[in-house]
Ligand code: PEP
Ligand code: MG
């Protein structure tokens, strides 16, 4: 039995490891070894928990070993377990390798019974204090170990408080406490059919077993799943001698941080309560005092605490979250751990610690959560308002946090209304069941987008992220009656709330929360520095951000490109450090109101002639946009994808839309209706889209290559270095690619001769159909690059619709069928395997094959680790995620080392 003793300057384990001793246990051992005063105790390692789970009971030799080890605690404290003379009381707590707050409650004051209670009263002379300790013990033990509902104890307590006119627990007199104890014991007898265990050894055994058992309670399993904590870890058990912060005015308890956890400021920060136990601080019954005030109350203790916090921070080389108790003037540290912090604080602390030479830049990179960066870039709601809104129950619902940032506006349910409202100088917020290309204009004019349906790769999500609009999708509590101008929400508490057009609502695209009413936002310094509005040196946040990006760029191997469809996107992408465009979805270039009708005309065309007429109108738009894309990305590659959209995305649906289109393109409504119904597909995602369009309508491909190369030639003449990469979408068979390639090359040759220009262009393909991955060696013959379209590749490998999976996916995630949303984080064992096969086969046919990814997962840190590992050349993501990808790519390298 490798049970470990710590205390009085000793840790029996010279190298206390978190995986084996749990976070709490290993830190207690470390503190003891550093000579920091901790209440002596023992740690039962996590291996024993695994052993318990396998057997289903405690091994017979365990408790004797615990008792043996406990003798060391008795020696160290000069107290005796289960003995009325100077009784040793202990706390029993869980402690997993990764902190799992709230997984299991703590049991305090274990070891009390009628005899030890008497001994304690004799020793302390404070009957009230001892009885109150016993009462708390029965309550905690009854709840945690015996499974009696917490509220049953609270009812008894409240009954006696009322009876004896006590306002606070501390107002209860010994006689009342004795009555409460009797009632508690009766409650236990009734609830379990057994008397409350009086034997301290039995109490200890039951508590240890309960902690091990708690590893597999529903709450803990759910928490682990949510936070991707391995099931196999198990929890350690810490049995530690009790110290009391509630033994009068020379006692107290507190929680502090070595730096400010919300701003990162290098200043000791925290709070404490005199004459209180830890749970009183958490429960918020009394308002704690600022830690600085401890200097006045207990100057020696304060000086000692200052010394210890500095020692701990320099030992761990990270910001520490510390719990302490003062018992009759003597300071004890109960816990230390790396402190949780906001994204802003993590940035500041990491950079400051490099300046202070506590850590090196590589360590600093690992201290900042890449996923936290978008929150630093986007405007945010004023945090005090958010707290107020939460406490005033103004949170209506929660959806998927699809586009970070905060937005308030007047609810509108139709895009046209958003445009009208914006024209009147008011800010709309678009609320829809879902969005389609018809909504682009409305989306552009809205401060944010909220949809009831859709996942992270739904139309609304992708377009909103591209526009950097705050966006919440898949908000299933919402039903939008678009035609009738209202929406209904059933809140988590079951309240029915109706939102009428023009009501103010707010969405937080970082948390996914939807609020009623307007909230104030504040712009981030980083954003303003990126836009050149402020000097980065004038703001610590901007300066640190640029510094971290520089370190990341020095470490990472993966290149980072952006998915950008417009010159504006491309410019933003460059300002965020994108090294090229990895995906320009050309169909998105036709969203503008002056362009959409021609795109629709092209799709609805009955004959080649009609189609060519529409294409002719589209060509100049494309050419000009490409020119500006090349300009923004001078010297960097620009990957342009040929037309890909599932046609339904562009077809007009309502009578109103049909009438409007008919006017604009000069064909009858009948004609539009008839064509739309011919083109209607029952499974558009698997329908007439991708390269199938270019193969059946070669004139589309011809127009696009023309626009690309004309733009390239014009740029060349302006001495701009252009590297167009023409990408064929949705290829499954090599013949599809070779047909398109042949067409492209013939047209390119003709055009370059016509312009008398040389352009270094490449032709490649997306890998997004499983068949393409499986036959990648054949496909690579005609492709100089592969870009993994992991949105479609996930859809087709899993057989899950990109747009309709949210309802069952949520359940799947809850049940652990998939650990993470495969549309957000690449499904390594399925889709990842497709990628591995495609890479291996592709490179076997063409050793210099360039490879990247442009699906949504390209901007996801966990996926980036995978893409780094399998050896892709680059990832491509939406412009605002470029910094996330840069940092995550560096972290991937560091993790692999
Ligand atoms: C993909 O499928 O991953 C991709 C990038 O293409 P789209 O999202 O446009 O289908
Ligand atoms: Mg695709």
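With respect to the conditions (1) over 23 Å from the mean Cα position of the chain (by Cα); (2) buried (at least 23 other Cβ atoms within 10 Å of the Cβ); (3) not in a helix (DSSP H, G or I), residue 518 falls short on a single one, namely (2). Evaluate segment 51-61: report whether one residue or more is over 41 Å from the mean Cα position of the chain (by Cα) and outside the structural domain of residue 321 (by TED's automatic domain parsing). Yes. When the strands (runs of 3 or more DSSP E) confined to segment 395-490 are screened for residues that are at pLDDT 90 or above, those reaching at least 2 such residues are found at 395-398, 406-412, 428-432, 449-451, 471-473, 478-481, 486-490. Restricting 656, 631 to residues that are away from ligand 2 (no atom under 16 Å from the Cβ), assigned by TED's automatic domain parsing to the domain that holds residue 710 and under 44 Å from the mean Cα position of the chain (by Cα) narrows the list to 631.
Consider segment 762-797 and keep the residues that are within 16 Å of ligand 1 (Cβ to nearest atom) and in a strand (DSSP E or B). The one that is farthest from the chain's Cα centre (by Cα) is 764.
Considering each of 705, 722, 746, 759 in turn, give the residue that is away from ligand 1 (no atom under 16 Å from the Cβ) and without any contact (Cβ under 8 Å) to a residue 40 or more places away in the chain. Show your work before the answer.
Details: 705 fails: without any contact (Cβ under 8 Å) to a residue 40 or more places away in the chain; 722 fails: without any contact (Cβ under 8 Å) to a residue 40 or more places away in the chain; 759 fails: without any contact (Cβ under 8 Å) to a residue 40 or more places away in the chain.
Going through 705, 722, 746, 759 in turn, the sole match is 746.
Scan segment 842-863 for residues that are more than 11 Å from ligand 1 (Cβ to nearest atom) and either assigned to a loop (DSSP other than H, G, I, E, B) or within 18 Å of residue 640 (Cβ to Cβ) (or both) and jot them down.
The initial filter retains those residues of segment 842-863 that are more than 11 Å from ligand 1 (Cβ to nearest atom), namely 842-851, 859-863.
Listed by number, the residues that qualify are 846, 847, 848, 849, 850, 851, 860.
Counting just the residues of segment 725-743 that are assigned to a loop (DSSP other than H, G, I, E, B) and without any contact (Cβ under 8 Å) to a residue 60 or more places away in the chain, which one comes out farthest from ligand 1 (Cβ to nearest atom)? Explain how you work it out, then say what you get.
Quick first cut of segment 725-743, residues assigned to a loop (DSSP other than H, G, I, E, B) only: 729-733.
Okay, now just the ones that are also without any contact (Cβ under 8 Å) to a residue 60 or more places away in the chain, so 731-733.
Working: 731: 12, 732: 13, 733: 17 Å.
Only one residue fits best here, namely 733.
In the set 587, 631, only one residue is out of contact with any strand residue (DSSP E or B) (no Cβ under 9 Å at 6 or more places or on another chain), farther than 30 Å from residue 367 by Cα and either surrounded by fewer than 22 Cβ atoms within 10 Å (Cβ to Cβ) or touching a residue at least 40 places away in the same chain (Cβ under 8 Å) (or both); that residue is 631.
Please tell me if residue 712 is buried (at least 17 other Cβ atoms within 10 Å of the Cβ), in contact with a strand residue (DSSP E or B) (Cβ under 8 Å, 6 or more places away or on another chain), more than 30 Å from residue 773 (Cα to Cα) and in contact (Cβ under 8 Å) with a residue 40 or more places away in the chain. Before you say what the answer is, go through the steps one by one.
On the way: buried (at least 17 other Cβ atoms within 10 Å of the Cβ): yes; in contact with a strand residue (DSSP E or B) (Cβ under 8 Å, 6 or more places away or on another chain): yes; more than 30 Å from residue 773 (Cα to Cα): yes; in contact (Cβ under 8 Å) with a residue 40 or more places away in the chain: yes.
In short, yes.
Can you spot a residue in segment 688-711 that is within 39 Å of the chain's Cα centre (by Cα), more than 16 Å from ligand 2 (Cβ to nearest atom) and assigned to a loop (DSSP other than H, G, I, E, B)? Among the residues of segment 688-711, not one is within 39 Å of the chain's Cα centre (by Cα), more than 16 Å from ligand 2 (Cβ to nearest atom) and assigned to a loop (DSSP other than H, G, I, E, B), which makes the answer no. Yes or no: residue 251 at pLDDT 95 or above, more than 34 Å from the chain's Cα centre (by Cα), buried (at least 20 other Cβ atoms within 10 Å of the Cβ) and within 19 Å of residue 105 (Cα to Cα)? No.
Within segment 847-868, the set of residues being surrounded by fewer than 24 Cβ atoms within 10 Å (Cβ to Cβ) and under 21 Å from the mean Cα position of the chain (by Cα) comprises 861, 862, 865, 866, 868.
The values are calculated or read from the model by the stated rules, or taken from the named source; none is laboratory data. It should be emphasised that the depicted structure is a prediction, and the values quoted were computed from it without experimental measurement. Neighbour counts run over all protein chains shown; Cβ positions are idealised from the backbone, glycine included.
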